[in-house]
1. Cβ contacts < 9 Å: first residue within 13 Å of Val473 (Cβ to Cβ), restricted to region 487-501; second residue open to solvent by 70 Å² or more (accessible area, probe 1.4 Å) and in a helix (DSSP H, G or I), any location; separation 6+ or different chain. Result?
2. Among the residues of region 365-374, is any closer than 25 Å to Gly444 by Cα, in a helix (DSSP H, G or I) and open to solvent by 10 Å² or more (accessible area, probe 1.4 Å)?
3. Identify all residues within region 35-74 that are hydroxyl-bearing (Ser, Thr, Tyr) and either in contact with a Lys or Arg (Cβ under 9 Å, 6 or more places away or on another chain) or open to solvent by 50 Å² or more (accessible area, probe 1.4 Å) (or both); write none if there are none.
4. Restricting to region 375-392, count the residues that are open to solvent by less than 10 Å² (accessible area, probe 1.4 Å) and touching a Phe, Trp or Tyr at 6+ places or on another chain (Cβ under 9 Å).
5. Touching a Lys or Arg at 6+ places or on another chain (Cβ under 6 Å) and open to solvent by less than 70 Å² (accessible area, probe 1.4 Å): is that true of Ala327 in this structure?
6. Restricting to region 423-479, and then to whatever is hydroxyl-bearing (Ser, Thr, Tyr) and either at positive phi or part of a helix (DSSP H, G or I) (or both), can you tell me which residue is least open to solvent (accessible area, probe 1.4 Å)?
7. If you take the residues of region 170-210 that are touching a residue at least 12 places away in the same chain (Cβ under 8 Å) and among the polar types (S, T, N, Q), which of them is least open to solvent (accessible area, probe 1.4 Å)?
8. Identify, please: which residue in region 84-101 is in a helix (DSSP H, G or I) and open to solvent by 50 Å² or more (accessible area, probe 1.4 Å) and is, among those, farthest from Leu126 (Cα to Cα)?
Amino acid sequence: MRRAAVASVLVLGIAMAGCTPPPPKVPEAFGFGPALEVIRDEGWLQREIRRFRTYPHLDRAYRMIAAGKLEEAKAEFLTYLSIDPQDLAVRFHYLVLLHRLNAHAQAIREADALLKDRPRFGPAILYRALASHALSDHAGAIRDFREVAEMQGVALEHQTFALSMIVDLGMEHGAAEEALAAADRLVSLKPSADHSLKRGRVLQKLGRLEEADTVFAMALAQARDASERLRVRAARAELAEKRQHWDQARQELLAILEADARNAAVLRRLGEVAYARKDIQESTRWFRATAEASGSAKDRERLGNAFYALGDYPAAAREFSELATAASTPDDRHRILIALGHGYLKLGRFAAAVEAFREAAKLRADLPTLTLVADALERAGLRAEAAAALEVVADRDSSGLTHLKAATLYSSLRRWDPALRHLTAATAGGGTDQVKGEAYKRQGFIYYALGRYREAREAFERSIEHNRKDVAVHMALGETCMKLDALDDAVKYFEQALALTEQRATP
């Protein structure tokens, strides 16, 4: 019975062999058909049975690929290879499919399996290299690309592709010398604008800027169409900027702009180049064009800063005022309000500056912002409010400078107690000798003005410990000692003040 069933299957297979098309062949575009042919130890009947069993799966696989159903195609390939694991051509197509599915670890396993039978099959090594690169095994990727590049008789397109990838990976992962060697071979094997461009970029990476400039000029001469010329000009502009050859950079960017007059990135770079050339007026013009082309808040902010550099404070204030209401994030709004406040200060609009800085402080009540609030209040004549603003953040400033500033404001208001409190805090912090010496000095003058001469003397002496060359403190100590009837000490300090004055006068 079993023999009859087998016989019927064989007959069916033989019958269908005459009317079923052969399995799809490896596309000639790959150029490796004979390289993957397998010599099988099978008779005609065995071959036809194998084809009968495998063909439907292969046919469906290619139909699924054509329909974009790659996972379904993968399943059909797996079924096919489970029936006929020796078919290396189909295994390679399965490898290509895995690459398209980003199944990189599987692709490496399939490449290894194929290369076990065909160790020098370049396309499989290329796909393994690509999978290794995708998995961040850059050393493995370079090793495989190098193997393909050094193969004898490998297809030119495979060799140039491998060399191109070595250039890119070498540049990216610290192997610039190997990248340069690959770029040299690439240009020798297949001269083109793109290959010269790659070589020039490697030379630039290595700091060989003169040579890079020469190679970029060669690439421009080799360019066959507008898109290649634009890529080369972009590289030449970047190199010129790196070398600070601003006129050349400007010329290259203007040439790029001819192809796309509203290219915001190019307009922005023209603004930056003009600024570097110290042509603020032209820089402002380009930044205005950039903002109009992009509509970006960042570009409008650049325009506002350009107005500041140009000294057009009213225009800058208008720009930042509009941006402040349109800012999308708290950080952006804070930064723009700070810029707006500075603009109002330049215009002498102190009340408006105070308002802008206070709005910024609502978003971020940190030391720099509240210091700006205090400075604006002081310039507006509101010293008490300025001192109160500094009270909030003075302890956050370990340098003691904010305490000194608050003490100065309170002293100007003749509010001695808070002034002395801030000066004491300034001496207790981790500030420099200069800050501590200044704080003790101011304490001494306040105590002297209040008639508290012993405390004044102690403060002045502490000040000298931090700054022994302050003539004013030595003079103040002499006068304080006279008030305390310590005449010998007074004479000593006056003599020290005289000696310091003479030292300063000596050339």
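1. Tyr493/Met475; Tyr493/Glu479; Phe494/Met475; Phe494/Glu479; Ala497/Met475
2. no
3. Tyr62
4. Here the count works out to 3.
5. Yes: the conditions hold for Ala327.
6. Here the answer is Ser463.
7. Filtering first and then ranking leaves Ser196.
8. So, considering only residues that are in a helix (DSSP H, G or I) and open to solvent by 50 Å² or more (accessible area, probe 1.4 Å), the one farthest from Leu126 (Cα to Cα) is Arg100.
The values are calculated or read from the model by the stated rules, or taken from the named source; none is laboratory data. Small disclaimer: the values here were computed from a predicted structure and weren't measured. All Cβ positions, glycine included, derive from the backbone under ideal geometry; neighbour counts span all protein chains shown. SASA here: full protein model, heavy atoms, side chains in, ligands and nucleic acids out. Shrake-Rupley method; radii C 1.70, N 1.55, O 1.52, S 1.80 Å.
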